[in-house]
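Here is the structure we will look at.
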């Protein structure tokens, strides 16, 4: 295949997984195209906490983590609606960095390595025929040998493909709403807080430049009960937790309005669909209570890039690529996602959350077991 619009790999989505894959594959001298519907820098709904398992990987692709003086997070606080709390150490810990900063740095690295990055370019569809992928964006058409979907939680392509998770009725694992702010607030250094409220929970931790990320997850039904008024819901629901009441009352909010996303689903997803390798949240989401979606995005990029490299060198068939990627993805992430779904189904329920906190305080091994289950090995 030759031509100006012909590539070895096309990546749809310029988030963490997509940009990391572009960096890795471009370093192998493959012709890589990334299509991103927005431009950089950009805010995204995200807890903006990265576990230390990702640090070696990020350093290997060229991010100067040590030089950035990012806040290190080593302790966890969880509270219930009454303000009762548990505190515990995070053996592996992590660090805070905003998506506004991180995505821009990765985009710059990808282009420096030779990847073609088209921003404000929304992919309409990806089709596969005769061993070739055709990606369309408006009147533009792009061709490639391999294609990756790294578009995040839900996209227009998911809807067009009628992926099973988009067809499910509302249940305890889908139809969530995420809201994020950056705030100025004297949150204790070294801590990440998870503050429960009815039908949801709110995380807070430090990021760069002395700011904090304040991000919460709740059900679409809860927002609807409050007239789809975010401020009313925060005032009447979130602020019943005394910790959140103090944060919302005393913080300086640095956005005019929050960043929001709807229709978040933690239902099972496929890792390969229509022969497209799916990475990051497109392949499956970990609940914020039990894992680190940012690290999952980076690790899935590493897995996919290695398998794609072998394919482009002629060492694997397409069937082997798809089978190997799915198998490896499940071996690394399935337990964490299953644990996350289990915990997610109980949090946001006032009585169950309180019982959980009391149990965890009385039986420290419960805390340790859950924290151990959420952490991955460095890569």
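The values are calculated or read from the model by the stated rules, or taken from the named source; none is laboratory data. These figures come from a predicted structure and were not determined experimentally. Here Cβ is always computed from backbone atoms with ideal geometry, including for glycine, and neighbour counts include all displayed protein chains.
Evaluate the stretch 87-104: report whether one residue or more is out of contact with any strand residue (DSSP E or B) (no Cβ under 7 Å at 6 or more places or on another chain), at pLDDT 95 or above and closer than 19 Å to residue 122 by Cα.
yes
For residues that are out of contact with any helix residue (DSSP H, G or I) (no Cβ under 8 Å at 6 or more places or on another chain) and part of a strand (DSSP E or B), scanning just the stretch 123-135, find the one that is nearest to residue 150 (Cα to Cα). Show your work before the answer.
Going through the stretch 123-135, the residues out of contact with any helix residue (DSSP H, G or I) (no Cβ under 8 Å at 6 or more places or on another chain) turn out to be 127-130, 132-135.
If we keep only those that are part of a strand (DSSP E or B) too, we end up with 127-129, 132-135.
Details: 127: 16, 128: 17, 129: 21, 132: 19, 133: 15, 134: 16, 135: 14 Å.
The qualifying residue nearest to residue 150 (Cα to Cα) is 135.
Does the stretch 205-218 include one or more residues that are in a loop (DSSP other than H, G, I, E, B), under 24 Å from residue 82 (Cα atoms) and at pLDDT below 95? Show your work before the answer.
Taking the stretch 205-218 and keeping what is in a loop (DSSP other than H, G, I, E, B), we get 207, 211.
Pick out the ones that are also under 24 Å from residue 82 (Cα atoms) and you get none.
There is no residue in the stretch 205-218 that is in a loop (DSSP other than H, G, I, E, B), under 24 Å from residue 82 (Cα atoms) and at pLDDT below 95.
Limited to the stretch 245-280, what total is found for residues that are outside any loop (DSSP other than H, G, I, E, B) and either under 24 Å from residue 19 (Cβ atoms) or within 16 Å of the chain's Cα centre (by Cα) (or both)? Before the answer, list the steps.
Pass one, the stretch 245-280, residues outside any loop (DSSP other than H, G, I, E, B): 245-250, 252-253, 259-264, 272-273, 276-278, 280.
Still in the running and either under 24 Å from residue 19 (Cβ atoms) or within 16 Å of the chain's Cα centre (by Cα) (or both): 259-264, 272-273, 276-278, 280.
So the answer is 12.
So which strands (runs of 3 or more DSSP E) stay within the stretch 1-119 end to end and still have 2 or more residues that are within 30 Å of residue 240 (Cα to Cα) and under 20 Å from the mean Cα position of the chain (by Cα)? Let's see the steps before the verdict.
Details: elements: 6-12, 32-35, 49-51, 72-79, 85-96, 116-118.
Qualifying strands (runs of 3 or more DSSP E): 49-51, 72-79, 85-96.
Which one is surrounded by the fewest Cβ atoms within 10 Å (Cβ to Cβ), of the residues in the stretch 158-175 that are touching a helix residue (DSSP H, G or I) at 6+ places or on another chain (Cβ under 8 Å) and not in a loop (DSSP other than H, G, I, E, B)? Explain how you work it out, then say what you get.
We begin by selecting, within the stretch 158-175, every residue touching a helix residue (DSSP H, G or I) at 6+ places or on another chain (Cβ under 8 Å); these are 158-159, 165-166, 170, 172-175.
Checking which are not in a loop (DSSP other than H, G, I, E, B) leaves us with 158-159, 165-166.
On the way: 158: 22, 159: 11, 165: 18, 166: 17.
Within the stretch 158-175, the match that is surrounded by the fewest Cβ atoms within 10 Å (Cβ to Cβ) is 159.
Would you mind listing the helices (runs of 4 or more DSSP H) fully within the stretch 300-379 where at least 2 residues are modelled with pLDDT of 65 or more and buried (at least 20 other Cβ atoms within 10 Å of the Cβ)? Spell out the reasoning first.
On the way: elements: 318-344, 350-362, 364-374.
Qualifying helices (runs of 4 or more DSSP H): 318-344, 350-362.
Is it the case, given these coordinates, that residue 90 is more than 27 Å from residue 282 (Cα to Cα) and buried (at least 17 other Cβ atoms within 10 Å of the Cβ)? Spell out how you get there, then give the answer.
Numbers: more than 27 Å from residue 282 (Cα to Cα): yes; buried (at least 17 other Cβ atoms within 10 Å of the Cβ): yes.
Yes: the conditions hold for residue 90.
Would you check which residues across the stretch 240-266 are surrounded by fewer than 18 Cβ atoms within 10 Å (Cβ to Cβ), touching a residue at least 12 places away in the same chain (Cβ under 8 Å) and in contact with a helix residue (DSSP H, G or I) (Cβ under 8 Å, 6 or more places away or on another chain) and list them?
In the first step, residues of the stretch 240-266 are kept if they are surrounded by fewer than 18 Cβ atoms within 10 Å (Cβ to Cβ); the result is 240, 242, 245-246, 249-250, 252-257, 260-263.
Then drop every residue that is not touching a residue at least 12 places away in the same chain (Cβ under 8 Å), which leaves 240, 242, 250, 252-255, 260-263.
Correct list: 260, 262, 263.
If you go through the stretch 273-281 one residue at a time, do you hit one that is surrounded by 22 or more Cβ atoms within 10 Å (Cβ to Cβ), farther than 24 Å from residue 194 by Cβ and touching a helix residue (DSSP H, G or I) at 6+ places or on another chain (Cβ under 8 Å)?
Yes, the stretch 273-281 contains a residue that is surrounded by 22 or more Cβ atoms within 10 Å (Cβ to Cβ), farther than 24 Å from residue 194 by Cβ and touching a helix residue (DSSP H, G or I) at 6+ places or on another chain (Cβ under 8 Å).
Hey, does the stretch 114-122 have a residue that's crowded, with 21+ Cβ neighbours inside 10 Å, out of contact with any helix residue (DSSP H, G or I) (no Cβ under 6 Å at 6 or more places or on another chain) and in contact (Cβ under 8 Å) with a residue 12 or more places away in the chain?
no
Can you tell me which condition residue 196 does not meet? The list is (1) modelled with pLDDT of 95 or more; (2) touching a strand residue (DSSP E or B) at 6+ places or on another chain (Cβ under 8 Å); (3) not in a loop (DSSP other than H, G, I, E, B), and all the others hold.
Going through the list (1) modelled with pLDDT of 95 or more; (2) touching a strand residue (DSSP E or B) at 6+ places or on another chain (Cβ under 8 Å); (3) not in a loop (DSSP other than H, G, I, E, B), residue 196 breaks only (1).
Given (1) surrounded by fewer than 16 Cβ atoms within 10 Å (Cβ to Cβ); (2) farther than 23 Å from residue 96 by Cα; (3) touching a residue at least 40 places away in the same chain (Cβ under 8 Å), identify the lone condition not met by residue 24.
Every listed condition holds for residue 24 apart from (1).
Suppose we filter 227, 178 for residues that are out of contact with any helix residue (DSSP H, G or I) (no Cβ under 6 Å at 6 or more places or on another chain) and crowded, with 19+ Cβ neighbours inside 10 Å; which single one remains? Spell out how you get there, then give the answer.
Details: 227 fails: crowded, with 19+ Cβ neighbours inside 10 Å.
The match here is 178.
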